[in-house]
1. Tell me, what does the Kirkwood hydrodynamic radius of the chain come to in angstroms if you use every pair of distinct C-alpha atoms?
2. Relative contact order for the chain using alpha-carbon pairs under 8 Å, separation at least 6, rounded to a whole percent?
3. In whole Hz and in residue order, list the ³J(HN,Hα) couplings for segment 50-66 that follow from phi through the Karplus curve 6.51 cos²θ - 1.76 cosθ + 1.60, θ = phi - 60°; x for Gly and Pro.
4. ³J(HN,Hα) across segment 28-41 via Karplus (A = 6.51, B = -1.76, C = 1.60, θ = phi - 60°), whole Hz, x for Gly/Pro?
5. Read phi for every residue in segment 2-19 and hand back ³J(HN,Hα) as whole Hz from Karplus 6.51 cos²θ - 1.76 cosθ + 1.60, θ = phi - 60°, with x for Gly and Pro.
Amino acid sequence: MEWYVAYLLLGALVGFFAGLFGIGGGLLLVPVLSFLFEVQHLAGQNNLHFALGTAMAAILYTAAASAHAHHQQGR
């Protein structure tokens, strides 16, 4: 259960810095996910690949939601 909290805090932190500074979420997301996966012994030697894939999936979802919101507003 504590890992869910860590992932939620990571998402909040990345969202905060992305909104405040305008940086891409992957800048923070990939290294921290890689660390969390390593601590949990999830990915083994493919640790970085899983972190990159997870970050890309999150970024793709965010971009699609943003494009949909812009389309609804007629932009």
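1. Computed over Cα pairs of the chain, the Kirkwood hydrodynamic radius comes out at 13.4 Å.
2. Details: 32 pairs, mean separation 17.2, N = 75.
Relative contact order, the chain: 23 percent.
3. Listing the rounded values in order: 5, 5, 5, x, 5, 5, 5, 5, 5, 5, 5, 4, 5, 5, 5, 5, 5 Hz.
4. Ordered by residue, 3J(HN,Hα) equals 9, 5, 5, x, 6, 4, 4, 5, 4, 5, 5, 5, 8, 6 Hz.
5. 5, 6, 4, 5, 4, 5, 5, 5, 4, x, 5, 5, 5, x, 5, 5, 5, x
Bear in mind that the values in this text are calculations on the coordinates, not laboratory data. Fair warning: this is a prediction, and the values are worked out from it, not measured in the lab.
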